[in-house]
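Throughout, read-outs are computed from the coordinates displayed, never taken from laboratory work. Since this is a predicted model, take the numbers as computed values, not measurements. With ideal geometry, Cβ positions are generated from the backbone for all residues, glycine too; neighbour counts draw on all protein chains shown.
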Amino acid sequence: MQTKIFDTPELLARTTAGDILELVKNKPNAVLCMASGETPKLTNEYIVEGAKKNGVDFSAVQFISLDEWAGVPKSNTGSCYYFLNETIFEPLAIPESNIHFFDGTAADLAAECERINRAIEKLQGIDLVLVGIGMNGHIGFNEPGTSPGLSAHVIELDATTLQVGQKYFSASTRLQKGISLGIAQIMQARLAILLASGTKKAGIIKKTLEEDITTAVPASILRRHNHAVTLLDKDAASLLNNRHLQEATK
Ligand code: PGA
């Protein structure tokens, strides 16, 4: 897996946004699966800015849900949907018919998983999946130990995710399960970008890139992806060894 390191979070976000805009320019009906969370905030800002400035048409782009908190409605400001709606769907006026998102409040979450699996099949796969990384190495809500063979599934969230996850909510929220695309679907995406920024991610990035490929660190499995790239700012890369840094900057 190629790794690129940028001096600042702004440069990281600008480059990531630029790559996504280029992809959409070349394939206006691209199928994108984009993470929510703190990491892609700035990237999404630059995507919207760039799309408006350069007239990149997003009206035919299809969006697939990466993950969602079970039991949390779309209207909750902490939901994954809310984040993407605020940062991408609304500003770029994405038609609702192009948004294929998990409903965390659906009575039958297994059926919800099937619905999204079918949407991906119908769209003939995902062109780009952009994931952040959890403090425990998760991608989407594929927690440590998750089978890499799964497609969309409901998962019991681990203690780290439950604790860290509170940061997205305006009031303390009861979280227990998540609904997530599986690692198999992330691995089948034609391009995968792993994005990380800040010193707090340095330890898990080192494990992901320099230690064993293991289900205990789900992001490490991306190293087996045919076309994946890790984009980091200097702080997230600060614990990587020199050999790796030299390879990365080639
Ligand atoms: P963050 O979340 O971008 O808010 O750090 C990443 C993740 O948990 O996948």
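Evaluation of ALA152 against the conditions (1) closer than 30 Å to SER97 by Cα; (2) within 10 Å of the ligand (Cβ to nearest atom) shows that the sole unmet condition is (2). Counting only strands (runs of 3 or more DSSP E) wholly contained in segment 133-250, the ones carrying 2 or more residues that are within 16 Å of the chain's Cα centre (by Cα) occupy 177-180, 191-196, 228-233.
All of (1) in contact (Cβ under 8 Å) with a residue 60 or more places away in the chain; (2) within 25 Å of SER151 (Cβ to Cβ); (3) buried (at least 21 other Cβ atoms within 10 Å of the Cβ); (4) within 16 Å of the ligand (Cβ to nearest atom) hold for THR43 with one exception: (2). Of ILE126, ILE179, ILE133, all but one fail to be surrounded by 12 or more Cβ atoms within 10 Å (Cβ to Cβ) and within 10 Å of the ligand (Cβ to nearest atom); the exception is ILE133. Kindly list the number of the only condition in (1) farther than 17 Å from THR215 by Cα; (2) within 16 Å of the ligand (Cβ to nearest atom); (3) touching a residue at least 24 places away in the same chain (Cβ under 8 Å); (4) more than 17 Å from the chain's Cα centre (by Cα) that fails for GLU112. Just one mismatch for GLU112, condition (2).
Matching residues to (1) closer than 18 Å to ALA35 by Cα; (2) out of contact with any Pro (no Cβ under 7 Å at 6 or more places or on another chain); (3) of a type outside the set (Asp, Glu); (4) without any contact (Cβ under 8 Å) to a residue 60 or more places away in the chain:
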position: ASN142; (1), (2), (3), (4): yes, no, yes, no
position: PRO148; (1), (2), (3), (4): no, yes, yes, no
position: ARG174; (1), (2), (3), (4): no, yes, yes, no
position: LYS177; (1), (2), (3), (4): yes, yes, yes, no
